[in-house]
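The values are calculated or read from the model by the stated rules, or taken from the named source; none is laboratory data. Every value quoted in this text rests on a predicted model; they were computed, and no experiment measured them. Backbone-built Cβ (ideal geometry, glycine too); neighbour counts: all protein chains shown. The protein model used for the area step is the full one, side chains on, heavy atoms only, and it has no ligands, DNA or RNA in it. Shrake-Rupley method; radii C 1.70, N 1.55, O 1.52, S 1.80 Å.
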Amino acid sequence: MLNDKVISIVGAGISGLSCALKLAGSKLTKGHTIRIFENGDRTGGRAHSIKVDDFSIDLGAGRFSPALHPNVSKLINELGEKIEVFPFTKIACPHPHHVGLKEILAQLKPKMLSSYNESFFQFLCNHMGNEKSHAIINGLGYDSLYLLQISPKIAYDIIEKHPEIQCFSDNEGYEWFNLVDGFSALVKSLYERAAVLGVEFYFEHKLVNIQTKSNSTLLEFSGCDQQEIWNNSSYTVLALPPTAMSSLNVDFPNSWSDFTYGSIPLFKGFIFFDSPWWQDYNLENKVTIVDNPLRKLYFKSDKYIFFYTDSAYADFWHEETKKGDKEYINTVMRLIGMALNISIKELPRPSSNKFKYWPSGVEFALETYPEHPPVLSKNNGTIIATSDAYTPHCGWMEGGIIAGRNAAEHILKQLEKSGVTEEKMN
Ligand SMILES: Cc1cc2nc3c(=O)[nH]c(=O)nc-3n(C[C@H](O)[C@H](O)[C@H](O)COP(=O)(O)OP(=O)(O)OC[C@H]3O[C@@H](n4cnc5c(N)ncnc54)[C@H](O)[C@@H]3O)c2cc1C
């Protein structure tokens, strides 16, 4: 795998694919080979949908709002992906804690400007007392809001930018959509586009080691056959989230960044039934936030029910699934019954289910000031790390697209400079 002009991208998530497409579309990379190495056997990373019967479900990323995610929206339009309304912006069976919540949060918001070094939960407790603060976060359904690493600024960002709870902010009217064929369809289109432009893909290649030489970087992969595979590149983009970076031997973040990084586990559980019994309760296309481990419970048209949890309850469900399908489903059904005040005996048994636990579902920089640099780089700018976690859109595909393009721009600028120098020398 030796070639003078190789650009290697590690990670075929939306960041890596966006980087590859921007590079491959530029005349500055003429004569270069662009390669993407991916640990898994598919593209997309945390954007991952699967087919169940004749429809798609998103086990990872599942929705976007054109107002908040213009690059995702533009890409989806350009690629002609089919969209449908993601209807979960109105909460059914409102929680008693929801009464007056929008006003409370609006009144507290200016005060966060004078709150330094305290978490959102501490900030709430200082202003509202412990009991009311628990009630507020329980009513919001995102348990990351309890975490010590979540500052008031990040917490308001979470509240304002999530469809289920944007109604407690000024973003109440934002529209949200999902892809009819799931977000893997978007990723597949990006992959096909990149392949047409000549980008080479190597799946089941896990980066395990990096060595630098004067003008190039040697990348060691463990392949599916466990052989060592070395690749020699003039530019290397590590389109990997901070947790994946930390597991490489590159001293991340210490010798890369002044920032510290955090991550939160996520869990999505999908339950299928022979008939959409929730229609009898007028719950079609509604979401409810509950004070039990299901936290956010969604009733998707006449198709299925799903629940979505983060932080401690994501770990809780991960442990439940280890007890086996029967026990896991019994717990889910008991909690659905409790949430809706229906006896479990009146609920039909599910016909099947799917779930996915993401140990580091969302990754982010803990410091919100100063702004994170668009990319991190080493070795005279020839090794570049990029992730949605480094952008103001951390935790969103929007951030992944921006991150990938930032890394590509960084390389293109260097290629432009070296092209001008070469021309002068000739
Ligand atoms: C449950 C869940 C729900 C979400 N909901 C939404 C949503 O509704 N809307 C939204 O916009 N976003 C959502 N997100 C976030 C979104 O999925 C991510 O922001 C985005 O996919 C990040 O893309 P990425 O390419 O930066 O990282 P990733 O998708 O994590 O891609 C990184 C890739 O690198 C590969 N890799 C890792 N280590 C190595 C190695 N050593 N060698 C080779 N390859 C390696 C991985 O296999 C992976 O394919 C959600 C995420 C999750 C988990």
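As an exercise, identify the chymotrypsin sites (Phe, Trp or Tyr not before Pro) in region 66-162 lying in DSSP coil whose Cβ has no more than 11 other Cβ atoms within 10 Å.
Tyr116
Name the residues whose placed amide hydrogens come within less than 5 Å of the amide hydrogen of Asp181, ignoring near sequence neighbours (fewer than 5 apart) on the same chain.
Result for Asp181 returns Lys82.
Whats the longest run of the chain with zero trypsin sites (Lys or Arg not before Pro) that are DSSP loop and have at most 16 other Cβ atoms within 10 Å?
Here the longest run is 91-212.
What relative contact order, as a whole-number percentage, does region 262-363 give when Cα pairs under 8 Å and 6 or more residues apart are counted?
Across region 262-363, relative contact order equals 44 percent.
Among Ser115, Cys125, His97, flag the residue with its Cα farthest along the positive direction of the charge dipole of region 96-168, charges on Cβ as +1 for Lys/Arg and -1 for Asp/Glu.
Towards the positive end, the residue furthest out is Ser115.
Using R₀ = 41 Å, calculate the FRET efficiency as 1/(1 + (r/R₀)^6) where r is the Cβ-Cβ separation of Ser26 and Ala312; round to 0.05.
After rounding, the FRET efficiency stands at 0.35.
Considering only DSSP beta bridges with both partners in region 252-308, what is the antiparallel share in %, to the nearest 5?
95 percent
Taking the alpha-carbon centroid of each part, what is the distance from region 41-90 to region 291-330 in angstrom?
Result: 21 Å between the Cα centres.
Select from Leu283, Leu105, Leu415 the residue whose mean-square fluctuation is largest in a Gaussian network model of the chain (Cα-Cα springs shorter than 10 Å).
Judging by the Gaussian network model, the answer is Leu415.
So if we plug the beta-carbon distance of Thr243 and Leu113 into 1/(1 + (r/R0)^6) with R0 = 35 Å, what FRET efficiency do we get, rounded to 0.05?
Plugging the Cβ-Cβ distance into 1/(1 + (r/R0)^6) gives 0.65.
Over region 21-112, with the other protein chains present, what is the accessible area per residue in square angstrom, probe 1.4 angstrom?
With the other protein chains kept in place, region 21-112 gives 49 Å² per residue.
So which chymotrypsin sites (Phe, Trp or Tyr not before Pro) in region 188-285 are both in a DSSP loop and have at most 15 other Cβ atoms within 10 Å of their Cβ?
When the chymotrypsin sites (Phe, Trp or Tyr not before Pro) of region 188-285 are filtered for loop state and at most 15 Cβ neighbours within 10 Å, Phe203 remain.
Based solely on its DSSP helices, what 222 nm [θ] is calculated for the chain when runs of n ≥ 4 H residues each add -39,500 (n - 2.57) and the sum is averaged over all residues, nearest 500 deg cm²/dmol?
Per the formula, -9500 deg cm²/dmol.
Determine the dipole magnitude for region 226-286: charges of +1 sit on the beta-carbon of Lys and Arg, -1 on that of Asp and Glu, nothing else is charged, the reference point is the Cα centre, and the result goes in debye to the nearest 20.
In debye, rounded to 20, region 226-286 gives about 60.
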